[in-house]
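No value in this document is a laboratory result; all are computed from the given coordinates. What you are looking at is a predicted structure, and each value in this text was computed from that prediction instead of being measured. Note: ideal-geometry Cβ built from the backbone for every residue, glycine included; neighbour counts use all protein chains shown.
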Amino acid sequence: MPGMARTSDRIPLTPAVFHILLALADGEKHGYAVMKEVEAHTQGRIRLGPGTLYGSFDRLLAVRLIEECPSPPNDQASSHHRRYYRLTAPGRLALREETQRLRSAVAHARRKGVFGEAKAERA
């Protein structure tokens, strides 16, 4: 598909993109909800300003990791002003692959004693 890179070409994801995809993993959200969820989930360590957030949305839309979707029926009051986004199948795959990459990195860090745990005995 033109404009669509292989998932492995997009890994690793930037922290902002990873957390945006993670915020959308449980369903569609509008930009402000994504911004607030990322801030809450990271205990304020990652704060996405509007430029970063909507620039990331534009790039994720271009490579089809997310798509716009209709406003849910329960958001009728502000539906004309808010744009909602959801993960696509390639977006879910990219999130899964990045999560696995991070899981492997954490496991390696544990084996190296990075978290203050004893290193595994070498034979």
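Label separation (E68 vs A107): 4.1 nm, computed from points 7 Å beyond Cα along the C-beta direction.
Applying 1/(1 + (r/R0)^6) with R0 = 22 Å to the Cβ-Cβ distance of A25 and V114 gives a FRET efficiency near 0.25. Just round it to a whole percent: the fraction of Cα-Cα distances in the range 12-111 exceeding 18 Å. For the range 12-111, the share of Cα pairs beyond 18 Å comes to 48 percent. With the dipole of the range 12-111 worked out from charges on the C-beta (+1 for Lys and Arg, -1 for Asp and Glu) around the Cα centre, which of H30, L65, T42 lies farthest toward the positive end? Positive-most Cα among the choices belongs to T42. Amide H to amide H distances under 5 Å link I66 with L61, T88, where only residues 5 or more positions off or on other chains count and H is placed in the peptide plane. Highest mean packing comes first when the peptides 13-22, 97-106 are listed by Cβ atoms within 10 Å, giving 13-22, 97-106.
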